[in-house]
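Take a look at the structure set out below.
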Amino acid sequence: MTVDVDLRRSPLGHRAAELAEVLVEEPFLPQLDVRTDAEFALGLRLPEVDRVTGDEHRAALGLGPDEHLLIGVTGTEPGHRSLVDVSAARTTLRLHDREVLEALCSLDLHPGVFVPGRCAQTLVAGVPVIVWRLDAGYRVLVRNSYADHLATALLGARQVTSGVAQ
């Protein structure tokens, strides 16, 4: 008899209650890094740099001229220079408060500029991340090793932007 046991641990699972007013962690989101000149990969049209095709469940993010991050997709496919599963390297944070993110990020996140379907590689609180604008809020993809630091910084920014004394 075989028993499947999931030994994965969310980088921020132990802080879920503390973080609930600022963010929700979406751990274990399937992520594939693709290096290719193709127009499609695993059924998704590959967008230009800083754009997103698909939806929040299954999408392609344009990170560079020949680099894309596929979200919610698994598998392999011939014809690409590189296709690497990077799911275990990052966790995903969902935020709804633009002001909290703006306090720690130099991107212009105004809704008329950073519209749904846009993404960018940037620094948030000095941490390299990918910010993805959704219809309702933002996804911030961060390396697991930086997740705790970023969560703490976002909590601090929430206190400052809401006028709560630290």
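Looking at region 47-77, which of its residues are touching a residue at least 60 places away in the same chain (Cβ under 8 Å), of a type in the set (Asp, Glu) and within 17 Å of Arg90 (Cβ to Cβ)? Within region 47-77, Glu56 is the sole residue that qualifies. Does region 51-67 hold any residues that are more than 13 Å from the chain's Cα centre (by Cα) and within 12 Å of Ala120 (Cα to Cα), and which are they? Hits for region 51-67 are Arg51, Gly64. Test Glu56 against the stated conditions and say whether it is farther than 27 Å from Thr152 by Cβ, acidic (Asp, Glu) and open to solvent by 40 Å² or more (accessible area, probe 1.4 Å). Against the criterion (farther than 27 Å from Thr152 by Cβ, acidic (Asp, Glu) and open to solvent by 40 Å² or more (accessible area, probe 1.4 Å)), Glu56 does not qualify.
The residues listed here are Asp148, Asp135; of these, the one that is of a type outside the set (A, V, I, L, M, F, W, C), touching a residue at least 12 places away in the same chain (Cβ under 8 Å) and either in a helix (DSSP H, G or I) or farther than 22 Å from Asp50 by Cα (or both) is Asp148.
Considering region 120-166, the residues that are of a type in the set (Lys, Arg) and either open to solvent by 40 Å² or more (accessible area, probe 1.4 Å) or touching a helix residue (DSSP H, G or I) at 6+ places or on another chain (Cβ under 7 Å) (or both) include one that is nearest to Asp97 (Cα to Cα), namely Arg158. With respect to Arg158, is the statement that it is in a strand (DSSP E or B), of a type in the set (D, E, K, R) and closer than 17 Å to Ala20 by Cβ true? In short, no. Just one of the listed residues (Pro27, Pro47, Pro116, Pro111) is within 25 Å of His149 (Cβ to Cβ) and not in a strand (DSSP E or B), namely Pro27.
Residues being open to solvent by 60 Å² or more (accessible area, probe 1.4 Å) and among the hydrophobic types (A, V, I, L, M, F, W, C) are represented in region 69-89 by at least one member. Examine region 96-119 for a residue that is open to solvent by less than 60 Å² (accessible area, probe 1.4 Å), modelled with pLDDT of 95 or more and among the β-branched types (Val, Ile, Thr), and state whether such a residue exists. Checking region 96-119: at least one residue is open to solvent by less than 60 Å² (accessible area, probe 1.4 Å), modelled with pLDDT of 95 or more and among the β-branched types (Val, Ile, Thr).
Entry remark, region 2-18: residues being of a type outside the set (Lys, Arg) and part of a loop (DSSP other than H, G, I, E, B) number 9 in total. The single residue among Gly79, Gly75 that is at positive phi, assigned to a loop (DSSP other than H, G, I, E, B) and touching a Leu at 6+ places or on another chain (Cβ under 6 Å) turns out to be Gly75.
The values are calculated or read from the model by the stated rules, or taken from the named source; none is laboratory data. What you see is a predicted model, and the numbers here were worked out from it, not measured in a lab. Neighbour counts run over all protein chains shown; Cβ positions are idealised from the backbone, glycine included. Protein only, heavy atoms only, side chains kept; ligands, DNA and RNA dropped before computing areas. Shrake-Rupley method; radii C 1.70, N 1.55, O 1.52, S 1.80 Å.
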